[in-house]
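The values are calculated or read from the model by the stated rules, or taken from the named source; none is laboratory data. Please read all numbers here as calculations on a predicted model, not as lab measurements. Here the Cβ is made from the backbone with ideal geometry for all residues, glycine too, and neighbour counts use every protein chain on show. These area figures cover heavy atoms from the full protein model, side chains too; ligands, DNA and RNA do not enter into them. Shrake-Rupley method; radii C 1.70, N 1.55, O 1.52, S 1.80 Å.
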Amino acid sequence: MALTGGLVLVVLVILTCVSVVGRGLSTLGHSDFLQGMSQSLADLILATGTGPVNGDFEIVEAGIAFTIFSFLPICQLFGAHATVDVFTSFLSRRTNAFIITFWEIVFTGIVLLITWRLFYGLEDKFGNGETSLLLQFPIWWAYLAAFIAALVAAIVAVYCAVGRVMELTTDQRWLPRSEGAAH
């Protein structure tokens with residue numbers, strides 16, 4: 001999932017760059033400054049049809065939702081989410097393990113809730129046939145992609161919650177640790 005999410009993210013970055021450059025060239029071609037300096041250069045830029053990518057915001061919006069959920073499973077599995085341990089660094093290892101397990105369970109509940117609501121959003125968008133404004137692609141496509149990634153994230157979150165409870169109760173390592181993890 002992380003590799004797929006990374007690939008989608010790279011495509012979105014390239015799309016955004018192309019759109020920004022196109023928008024900038026179009027603005028430059030229409031500018032009084034360039035038209036005053038060289039009308040032929042301004043006409044040449046405008047003749048190429050440069051401009052922003054049509055529907056770039058719609059594509060980025062749908063792609064980023066998928067990408068976020070695609071990175072959650074690997075972050076969850078390796079406990080690589082950002083943490084602030086300023087207030088817990090002085091606590092015992094056992095107390096920190098309890099805190100980590102508690103938040104793992106809470107996070108799992110939140111991911112399950114989001115996944116459930118994405119499913120109902122998918123059903124709603126599929127049923128009403130809503131499409132995006134510019135590209136007119138069915139909105140449910142984006143919901144489906146995000147739901148699939150969220151479903152994988154939910155499965156991994158449940159696995160990790162069970163693993164954290166097992167670590168807490170058996171005092172054995174059940175889940176992999178991120179590289180450089182202190183615990």
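Screening region 1-101 for helices (runs of 4 or more DSSP H) wholly inside it with 1 or more residues that are in contact with a Phe, Trp or Tyr (Cβ under 6 Å, 6 or more places away or on another chain) returns the ranges 2-30. Every residue in region 37-69 that is open to solvent by 80 Å² or more (accessible area, probe 1.4 Å) and aliphatic (A, V, I, L, M), please. Across region 37-69, the qualifying residues are M37, L44, A47, I68.
Of the residues D43, D56, only one is among the charged types (D, E, K, R), more than 30 Å from P138 (Cα to Cα) and out of contact with any strand residue (DSSP E or B) (no Cβ under 7 Å at 6 or more places or on another chain); which?
The match here is D43.
For region 149-175, filtering for residues that are part of a helix (DSSP H, G or I) and more than 16 Å from Q76 (Cβ to Cβ) leaves 3. Within region 129-152, restricting attention to residues that are of a type outside the set (F, W, Y) and open to solvent by 80 Å² or more (accessible area, probe 1.4 Å), the residue that is nearest to M1 (Cα to Cα) is I148. Residues that are open to solvent by less than 40 Å² (accessible area, probe 1.4 Å) and among the small types (G, A, S) were ranked within region 79-108; the one that is nearest to A146 (Cα to Cα) is G79. Of all residues in region 69-103, exactly one satisfies the criterion of being farther than 21 Å from I155 by Cβ, in contact with a helix residue (DSSP H, G or I) (Cβ under 6 Å, 6 or more places away or on another chain) and hydroxyl-bearing (S, T, Y), namely T88.
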